[in-house]
Amino acid sequence: MTPAARVEAAIHILDQIIAGSPAEPALIRWARGSRFAGSGDRAAVRDLVFDSLRRRHSRARLGGAAPGAETGRALMIGMCRETGQDLAGIFTGQGHAPAPLTDAEATAPPPGRDDPAIDLPEWIAARLKADLGPGFPAVAAALRDRAPVWLRANPARATPQAAMAALAADGVEAVPAPDLPGALRVTAGERRVAASAAYRDGLVELQDLSPQLACAALDIGPATRVLDFCAGGGGKSLALAARGAQVTAHDADAGRMRDLPARATRAGTPVGIAPPGGPKGVFDLVVTDVPCSGSGTWRRSPDAKWRIAPADLDRLVALQRDIVEQAARHVRPGGQLAYMTCSLLDAENGVQVGRFVRSHPEFRQVRSQTLTPLTASDGFFYAILARD
């Protein structure tokens, strides 16, 4: 595909997303209907789509469209203006290129103030500004850019140095995080990770730096009995099992854990699965990475920030309260409860923890931390509560 044909494909996919389709299904539909597109084409089109969703309003403005009146075409015109590409050379109307620019489209809008908050829904920007205070503009700006790829070196299979060497043999370059050597940031060859021997043989797992830091903050040892109450795909279960903990994974949707036994076998880190009906008994540590807005991960799934509504956040907050109430029943006296979200919104973080501690005087907060793209990678929150 030519660069112009890739832009035309991105226009049609973006129009579907703006009309309400989630990004991933829209991209899959295009790929299935475009057998001529090679892997490089699919990757390039995906980047065009996701980069423009991260900057949806600012690029639409550069493309001549007002917020709320965006089109895929306006976003791609804005992308070309933002990145300095030759608009006339892309919008030729020849072959599979987009149609030529109209006179109105060819006239660049007057320059405006570059406010990164424009690339967030207004109600979200207002909440984050209140929650993050002076740090908000820098965080909002960071959310406009692509997130780095992070890996977790699996100590049950290899040292971080051996994992990096194995990755390098397959064209993947990585460097360790200064404050967490087992966390590896991929600096080149990101798209080769899944096919690498290091990944296939369990030397590394895909996991962002922020949850790695949260897991590292948990006080566990070889005899620690851990319940991962909202296990999902099991990334935290594997990370804690790799440190020797006796981990039981549970999720309200057991289907999310379908791949966990195979992943645990590949990693050499046994993880038990809670029986149907849910976990029984008490544990030394209960980890609750609850469903949330995902606002901390919007660099990776930027369409999500345009689909969430205030009512969705209210529903999630209520669900989080219910989950923590259930999980707390499995914490033994003297044990700990870890509450986690991949959110930057305080309604899902500090407010939730404060409410729980006030209504459960047997728990006290030991530690909490909000991680942002400025201090780690994804936005993430964790609080560690001790049961007396």
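One line per residue, one yes/no per condition, for (1) in contact with a Cys (Cβ under 7 Å, 6 or more places away or on another chain); (2) over 18 Å from G112 (Cβ atoms); (3) in a helix (DSSP H, G or I); (4) of a type in the set (A, V, I, L, M, F, W, C):
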{"site": "D47", "(1), (2), (3), (4)": "no, yes, yes, no"}
{"site": "H57", "(1), (2), (3), (4)": "no, no, yes, no"}
{"site": "A60", "(1), (2), (3), (4)": "no, no, yes, yes"}
{"site": "G64", "(1), (2), (3), (4)": "no, no, no, no"}
{"site": "A69", "(1), (2), (3), (4)": "no, no, no, yes"}
{"site": "G78", "(1), (2), (3), (4)": "no, no, yes, no"}
{"site": "A88", "(1), (2), (3), (4)": "no, yes, yes, yes"}
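Pairs linking a residue in the range 276-299 that is in contact (Cβ under 8 Å) with a residue 24 or more places away in the chain and within 19 Å of Q365 (Cβ to Cβ) to a residue that is among the aromatic types (F, W, Y) and not in a loop (DSSP other than H, G, I, E, B), with Cβ atoms under 8 Å and 6 or more positions apart or on different chains, are T288/Y339; V290/Y339. Checking each residue in the range 254-313 for being small (G, A, S), more than 20 Å from T224 (Cα to Cα) and surrounded by 18 or more Cβ atoms within 10 Å (Cβ to Cβ) picks out S293, G294, S295, G296.
Every residue, every condition in (1) under 25 Å from A142 (Cβ atoms); (2) more than 32 Å from the chain's Cα centre (by Cα); (3) outside the structural domain of D51 (by TED's automatic domain parsing), yes or no:
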{"residue": "A69", "(1), (2), (3)": "no, no, no"}
{"residue": "R73", "(1), (2), (3)": "no, no, no"}
{"residue": "E82", "(1), (2), (3)": "yes, no, no"}
{"residue": "Q94", "(1), (2), (3)": "no, yes, no"}
{"residue": "A97", "(1), (2), (3)": "no, yes, no"}
{"residue": "D103", "(1), (2), (3)": "no, yes, no"}
{"residue": "A106", "(1), (2), (3)": "no, yes, no"}
{"residue": "L120", "(1), (2), (3)": "yes, no, yes"}
{"residue": "W123", "(1), (2), (3)": "yes, no, yes"}
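Could you tell me whether S21 is in a loop (DSSP other than H, G, I, E, B), over 19 Å from S301 (Cα atoms) and hydroxyl-bearing (S, T, Y)? Judged against the criteria, S21 is not a match. Considering only residues in the range 231-247 that are closer than 22 Å to L319 by Cα and surrounded by 23 or more Cβ atoms within 10 Å (Cβ to Cβ), the one that is farthest from the chain's Cα centre (by Cα) turns out to be S237.
Return yes or no: is S301 in contact with a Cys (Cβ under 6 Å, 6 or more places away or on another chain) and assigned to a loop (DSSP other than H, G, I, E, B)? No, not satisfied. Of all the listed residues (G133, G112, G171), the sole one being more than 20 Å from the chain's Cα centre (by Cα), outside any helix (DSSP H, G or I) and at pLDDT 95 or above is G171. Of the set (1) touching a Pro at 6+ places or on another chain (Cβ under 7 Å); (2) over 25 Å from G379 (Cα atoms), all apply to Q246 but (1). Here Q161 passes the criteria (1) without any contact (Cβ under 8 Å) to a residue 40 or more places away in the chain; (2) in a strand (DSSP E or B) except the one numbered (2). For a quick check of your reading of the model, give me the residue pairs whose first member lies in the range 85-99 and is surrounded by 11 or more Cβ atoms within 10 Å (Cβ to Cβ), whose second is aromatic (F, W, Y) and outside any helix (DSSP H, G or I), with beta-carbon atoms closer than 6 Å and at least 6 apart or on different chains. Close Cβ pairs (under 6 Å, with a partner that is aromatic (F, W, Y) and outside any helix (DSSP H, G or I)) amount to P98/F91.
When the range 174-200 is limited to residues that are touching a helix residue (DSSP H, G or I) at 6+ places or on another chain (Cβ under 7 Å) and assigned to a helix (DSSP H, G or I), the one that is surrounded by the fewest Cβ atoms within 10 Å (Cβ to Cβ) turns out to be A197. For the range 339-388, the set of residues classified as aliphatic (A, V, I, L, M) and surrounded by fewer than 16 Cβ atoms within 10 Å (Cβ to Cβ) consists of V351, V357, V366, L374, listed by residue number. The selection criterion, being under 22 Å from the mean Cα position of the chain (by Cα) and on the phi > 0 side of the Ramachandran plot, holds for G202. Kindly evaluate A166 against the criterion of being touching a helix residue (DSSP H, G or I) at 6+ places or on another chain (Cβ under 7 Å), closer than 25 Å to R243 by Cα and of a type in the set (G, A, S). Yes, satisfied.
The single condition from (1) closer than 26 Å to A141 by Cα; (2) surrounded by 19 or more Cβ atoms within 10 Å (Cβ to Cβ); (3) not small (G, A, S) that R6 fails is (1).
The values are calculated or read from the model by the stated rules, or taken from the named source; none is laboratory data. Here the structure is a predicted model, which is why all the values come from computation and not from measurement. Please note: Cβ atoms are built from the backbone with ideal geometry, for glycine as well, and neighbour counts cover all protein chains shown.
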